[in-house]
1. Could you pull out every one of the lysines with an alpha carbon less than 18 Å from that of LYS122, ignoring same-chain neighbours closer than 8 positions?
2. At a 10 angstrom cut-off on C-beta neighbours, averaged per residue, how do the peptides 115-122, 3-10, 179-186, 145-152 rank from highest to lowest?
3. So if I take the centroid of the Cα atoms in the stretch 139-168 and the same for the stretch 34-68, what is the distance between those two points in Å?
4. Starting from the Cα gyration tensor of the stretch 31-118, take the square roots of the eigenvalues, sort them a ≥ b ≥ c, and report rounded, prolate or oblate (rounded when a/c is under 1.5, otherwise prolate if a/b is larger than b/c, else oblate).
5. Where does the chain land at 222 nm, in deg cm²/dmol rounded to the nearest 500, when only DSSP H runs of n ≥ 4 count, each adding -39500 (n - 2.57), divided by all residues?
6. Let me check against my output: what whole-number percent is the relative contact order of the chain, with C-alpha pairs under 8 Å and at least 6 apart?
7. Full-extension gain between VAL199 and LEU12, please, as 0.36 nm times their residue separation minus the C-alpha to C-alpha distance.
8. What are the membrane-span-like helices in the chain by this rule: whole DSSP H runs, Cα extent along the axis at least 30 Å, mean Kyte-Doolittle hydropathy at least 1.0?
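Laboratory data are not the source of any read-out in this text; all were calculated from the coordinates shown. All of these numbers come straight from a predicted model, not from anything done at the bench. Because the Cβ atoms are built from the backbone with ideal geometry, glycine has one as well, and the counts that use them run over all protein chains shown.
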Amino acid sequence: EAWTGLLTDGDLATARAATRFLLEKQQLPDGSLPRNSLVNGKLAPDSFNIQLDEVAYPILMVLQSGLAGDAGLWPHVQAAANYLIAHGPSFGPERWEEQSGYSPSTIAAEIAGLVAAATIAKQHASPADARIWLATADQYQRSIKGWAVTTNGPLSSQPYFIRLSKTGDPNAAISYNVGNGGPTLDQREVIDAGFLELVRLGELPATDPDVLNSLTVV
């Protein structure tokens with residue numbers, strides 16, 4: 001969000017510098033990005049787990065900041081995208097860091113990252129990569145409602161997005177503890193506005209009936 005603010009404000013130089021820092025300084029050898037790092041980009045001692053949206057967003061940043069043609073960044077993009085398809089759609093904790101599962105906001109970032117990577121791949125004469133990444137993004141986009149929209153939840157008689165489904169079945173009576181001293185709840189009772197990332201990133205229309213009903217539930 002801070003990076004998007006830089007770009008929107010017209011500070012392209014800082015936005016590009018931040019993008020390079022993430023991929024050239026922070027990225028780990030396996031292509032992932034750490035949960036947090038030291039100011040020199042090295043892995044922080046208290047960093048643990050990988051969040052897939054943090055792997056995906058730097059790819060989108062490369063495209064949006066006009067760095068797609070940079071030959072030096074291309075291997076970093078390639079490594080991050082390959083990490084996403086090797087580990088997605090559900091791996092590690094989601095955005096709020098307390099749970100694993102099929103998260104609308106995390107998967108939205110994965111879709112956007114893979115589409116951006118495919119766009120970048122075409123500039124580097126790598127059509128095979130582009131096909132694989134686009135096919136995976138398409139599969140995730142087609143599957144997201146099956147993974148994250150409950151049709152039997154207690155909060156509405158109409159389908160709505162939940163924060164996450166633990167196993168990819170949003171209708172299952174699975175309970176988890178929300179953490180930080182919070183209660184243990186049925187997954188169908190735990191909601192947030194993370195599904196709006198699917199709209200913000202252009203993967204579902206704002207007029208989608210499940211999106212509209214989920215807004216009402218929220």
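1. Within the straight-line limit of under 18 Å, LYS122 reaches no lysines at all.
2. By packing density, highest mean first, the sequence is 115-122, 145-152, 3-10, 179-186.
3. One Cα centre to the other: 28 Å.
4. oblate
5. Taken over the chain, the calculation gives -14000 deg cm²/dmol.
6. Worked out over the chain, it gives 15 percent.
7. Roughly 64.9 nm would be gained on extension.
8. none
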